[in-house]
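J.: Encoded as structure tokens, here's the structure I'll be asking about.
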């Protein structure tokens, strides 16, 4: 725990962000967070990896702040892992922005002998998609995989329950601290996951979830996994952020195709059009890794249980659509009615999201032009664009062209 304490301190000082260059920062100090803590201001500055704001935060953040978090972990019976720990997920260390600390309920020892695969999708899942997700998860864990998801309603819950039904391992990655009262209706599920896998978060203690924390944690869902499978996602689904992170991380991306004209499947269908592999059964996923990981798979066991029912869709909690209101006659505007006020962007947009809106204010732009204008990486850009789409501020047109929503 002693070395981990300095990684927690570094996390406190630098904060949590999908754009934080943790790999580069630690590489400059031989992977040693204590060396950063003990370094002089001069040595930190000449390392060339910190901004002036970060240098100021490093000076002002006391080690006692990390000690309080460590004590909190003990009270909450959590394991705090640093990138130096043997059970820290190996694939996660490959990310440019890997977490400086992970807070774990359960254990991750099993990852050394299983292939982790992410399975995510909409919270407002249909019964059909819940059934598909649970069957896929069931078969994948019987073949020797571990299923990773976000612990949310809908497809996430179906993925976790499917893995548990098959007696396999599963990991839930939270976008908030373990102490935050997140989705109480899934508390039983999280308890089962911790007993048969792990519930993890990079957010300490009672850190609440926020509109930014969940997209940020999506890089962990994809980063901890060799591949990501999307089941039922519309064009504004947060699961597409996970798919985009996976693509940037050079991981495999899969999608279950759906109704060509159904809005709840357009996101997955679009991924397939852009190169994701379509999934019609678990074998479509397993065959991508069979040659590279033959010692991990039991293909005969997978084939034996292929397409067999898993958990009942009624067992899986989903987010229900808003109750429709009764049909009302259209209200005809009077000629004297004032024009609708211009839609103002939310005040909590990040600097990159504001920069993108500024770029799009005059004309639609191709993704390459936005990249040149903002100097952001594709992962950061796709995450920001998805957030803007979810908030109804921007939209994508054919040809990877984006425009502002008036």
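The values are calculated or read from the model by the stated rules, or taken from the named source; none is laboratory data. Remember, predicted model here, so these are calculated numbers, not experimental data. Heads up, the Cβs are rebuilt from the backbone with ideal geometry, glycines too, and the neighbour counts pull from every protein chain shown.
Yes/no matrix, rows are residues, columns are (1) touching a helix residue (DSSP H, G or I) at 6+ places or on another chain (Cβ under 7 Å); (2) outside any helix (DSSP H, G or I); (3) modelled with pLDDT of 95 or more:
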position: 65; (1), (2), (3): yes, no, yes
position: 71; (1), (2), (3): no, no, yes
position: 105; (1), (2), (3): yes, yes, yes
position: 112; (1), (2), (3): no, no, no
position: 132; (1), (2), (3): no, no, no
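Quick grid of which residues meet (1) modelled with pLDDT of 95 or more; (2) in the same structural domain as residue 16 (by TED's automatic domain parsing); (3) crowded, with 22+ Cβ neighbours inside 10 Å; (4) closer than 20 Å to residue 20 by Cβ:
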position	(1), (2), (3), (4)
61	yes, yes, no, yes
88	yes, no, no, yes
95	yes, no, no, yes
99	yes, no, yes, yes
118	yes, no, yes, no
129	no, no, yes, no
135	no, no, yes, no
146	yes, no, yes, no
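J.: Right, here's the next one. Of everything in the stretch 78-101, what is in a loop (DSSP other than H, G, I, E, B), touching a strand residue (DSSP E or B) at 6+ places or on another chain (Cβ under 7 Å) and without any contact (Cβ under 8 Å) to a residue 60 or more places away in the chain? Give them in sequence order.
T.: Step one: of the stretch 78-101, the residues in a loop (DSSP other than H, G, I, E, B) are 78, 82-90, 95-101.
Checking which are touching a strand residue (DSSP E or B) at 6+ places or on another chain (Cβ under 7 Å) leaves us with 78, 87-88, 101.
Residues satisfying the conditions are 87, 88.
J.: For the stretch 1-45: of the residues being in contact with a strand residue (DSSP E or B) (Cβ under 8 Å, 6 or more places away or on another chain) and closer than 22 Å to residue 175 by Cα, which is surrounded by the fewest Cβ atoms within 10 Å (Cβ to Cβ)? I'd like the intermediate steps shown before the answer.
T.: In the first step, residues of the stretch 1-45 are kept if they are in contact with a strand residue (DSSP E or B) (Cβ under 8 Å, 6 or more places away or on another chain); the result is 1, 4, 8.
From the residues that got through so far, the ones that are closer than 22 Å to residue 175 by Cα too are 4, 8.
Values: 4: 23, 8: 25.
Once the filter is applied, the top-ranked residue is 4.
J.: For the stretch 102-116, which residues satisfy the criterion of being closer than 24 Å to residue 187 by Cβ and either within 20 Å of the chain's Cα centre (by Cα) or without any contact (Cβ under 8 Å) to a residue 12 or more places away in the chain (or both)?
T.: Passing the criteria: 102, 103, 104, 105, 106, 107, 108, 116.
J.: Moving to a separate point now. How many of the residues in the stretch 1-44 are in a loop (DSSP other than H, G, I, E, B) and in contact with a helix residue (DSSP H, G or I) (Cβ under 9 Å, 6 or more places away or on another chain)? If you could, list the steps in order and put the result at the bottom.
T.: To start, the set of residues in the stretch 1-44 that are in a loop (DSSP other than H, G, I, E, B) comprises 1, 15-21, 28-32, 39-40.
Those still in the list that are in contact with a helix residue (DSSP H, G or I) (Cβ under 9 Å, 6 or more places away or on another chain) too: 1, 15-20, 28-29, 32, 39.
Of the residues in the stretch 1-44, 11 are in a loop (DSSP other than H, G, I, E, B) and in contact with a helix residue (DSSP H, G or I) (Cβ under 9 Å, 6 or more places away or on another chain).
J.: Can you go through 194, 172 and tell me which one is touching a strand residue (DSSP E or B) at 6+ places or on another chain (Cβ under 7 Å) and buried (at least 23 other Cβ atoms within 10 Å of the Cβ)?
T.: Numbers: 194 fails: buried (at least 23 other Cβ atoms within 10 Å of the Cβ).
Criteria check complete, one pass: 172.
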